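Please read the structure below before turning to the comments.
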Amino acid sequence: MIVAEQKSLDEIKQLVGRAQKVLVVGCGTCVTVCFAGGAREAAIVAAELRMASKLEGAPKEVTDVTVQRQCEWEYLDQIAEQVGQVDVVLSLGCGVGVQAIAEHFPNTWVVPGLNTKFMGLPTEQGVWEERCAGCGDCLLGLTGGICPIARCSKSLLNGPCGGSLNGHCEVNEEIPCAWQLIYDRLKSMGKLEVLMDIQPPKNWCTARDGGPRKIVREDLRLATEE
Amino acid sequence: MSQDLQIVAYCCEHCAYAAADLAGGLRLQYPPNVRVVLLPCTGKVDPLLILHALEEGADGVMVAGCLPGNCHYLKGNFSARRRVAYVQQLLKQIGLEAERVEMFHLSSAMGSRFAEIAKEMTERVAAVGPNPLRIPRKEREP
């Protein structure tokens, strides 16, 4: 899932500025399950903004609504009327959600309420860790299902480096060394020979280095008359 | 002034609610500002529940759950304690005093402790004054 965390109320207040009518839009997918921007968080942020603005002597009219997914036009259509009635939309979606609102409602000023952090998973309740860097050319088949791109600080393809100490990374001892994890896993599965292949330099054109990415599936596009 | 204060007490039915009942049965005196709201467990307490009480004008909110280790649902009181701490942080950002919200632990046999808590919370809220959200700004400023 996409993992995000809320901006501070001070920053949100600055972003909202002097707008009188505010609509807080939550998202019912990734940011709901990471407790950053779901229906409950949208209601909390709306209450915080109402209370803070009232205390400052300029009460704002703040309402909240949550759509199933901010990153799909069909779900955004459902809130078009509410969006049209406010001065600013505070999106509690990930960066994709914020941009989807901006793109779908060209005349609406939208500001982000979250910082989108990474693609990851909850390793325990209340703890999320990065697992995928979206490099566009998955090599998990070479590393026993542990990603050295996302989990090695240097994204090494042939690790570990000299900074691996007692299974931890030199960048921060709280970071497990991805290559130690890979070695341990392959060893436990009796597949250490996989590591004998030296990996050539990775082609990063499939990642961000190739510019913004796009996928077109002709088989899925709506049929036009041929 | 403290006569006008309103304190919402979210009480667990297995401990604090019964303790309040016992305090009544024992004819113990405690400030009348506390309005008890029955919950099946303080684990039901959500940050929004506390914020809404304050937004609607409550001067303080107390959450009263079982003694540590005695939760009927094992860990509901610990969850509540963490959420209360979270709301206290939110209140500082909003501009309200964190002292308006507090978590207490007691058992159903502690009727006198309930009376003490009610008094303690009332004094604590009286010290920070009425909730500014229910008083127009003009009246708040000298």
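In the range B:30-48, the residue that is nearest to the other protein chains (Cβ to nearest Cβ) out of those that are within 24 Å of residue B:91 (Cα to Cα), part of a loop (DSSP other than H, G, I, E, B) and not hydrophobic (A, V, I, L, M, F, W, C) is B:46.
Here residue B:58 meets each of (1) surrounded by fewer than 20 Cβ atoms within 10 Å (Cβ to Cβ); (2) in a loop (DSSP other than H, G, I, E, B); (3) within 15 Å of the chain's Cα centre (by Cα) with one exception, condition (1).
Inspection of the range A:178-186 finds a residue satisfying the criterion of being touching a helix residue (DSSP H, G or I) at 6+ places or on another chain (Cβ under 8 Å) and under 22 Å from residue A:2 (Cα atoms).
Every residue in the range A:57-113 that is charged (D, E, K, R) and under 23 Å from the mean Cα position of the chain (by Cα), please.
A:64, A:69, A:72, A:74, A:77, A:103, listed by residue number.
What about residue B:87, is it within 14 Å of another protein chain (Cβ to nearest Cβ), crowded, with 22+ Cβ neighbours inside 10 Å, at pLDDT 95 or above and not in a strand (DSSP E or B)? In short, yes. Taken together, A:31, A:3 contain a single residue that is more than 14 Å from chain B (Cβ to nearest Cβ) and part of a helix (DSSP H, G or I), which is A:31.
If you go through the range A:8-28 and keep only what is within 13 Å of chain B (Cβ to nearest Cβ) and in a loop (DSSP other than H, G, I, E, B), you end up with just A:8.
Residue check: residue A:200 meets all listed conditions (1) part of a loop (DSSP other than H, G, I, E, B); (2) free of Cβ contacts under 8 Å to residues at least 60 places away in the same chain; (3) within 28 Å of the chain's Cα centre (by Cα) but one, namely (3). Scanning for something at the interface with chain B (Cβ under 10 Å from one of its Cβ atoms), surrounded by fewer than 18 Cβ atoms within 10 Å (Cβ to Cβ) and under 22 Å from the mean Cα position of the chain (by Cα), does the range A:41-51 turn up at least one residue? No, the range A:41-51 contains no residue that is at the interface with chain B (Cβ under 10 Å from one of its Cβ atoms), surrounded by fewer than 18 Cβ atoms within 10 Å (Cβ to Cβ) and under 22 Å from the mean Cα position of the chain (by Cα). Figure legend. Inter-residue proximity from the range B:117-133: first residues within 14 Å of chain A (Cβ to nearest Cβ) and free of Cβ contacts under 8 Å to residues at least 60 places away in the same chain, second residues assigned to a helix (DSSP H, G or I) and open to solvent by less than 50 Å² (accessible area, probe 1.4 Å), beta-carbon distance below 9 Å, spacing 6+ or different chains. Indicated pairs: B:128/B:100; B:132/A:55.
The values are calculated or read from the model by the stated rules, or taken from the named source; none is laboratory data. Everything numeric in this text was worked out from a predicted model, so none of it was measured. We place every Cβ from the backbone using ideal geometry, glycine too, and count neighbours over all the protein chains shown. Ligands, DNA and RNA are stripped out before the accessible areas are found, and what is left, the full protein with its side chains, is counted by its heavy atoms. Shrake-Rupley method; radii C 1.70, N 1.55, O 1.52, S 1.80 Å.
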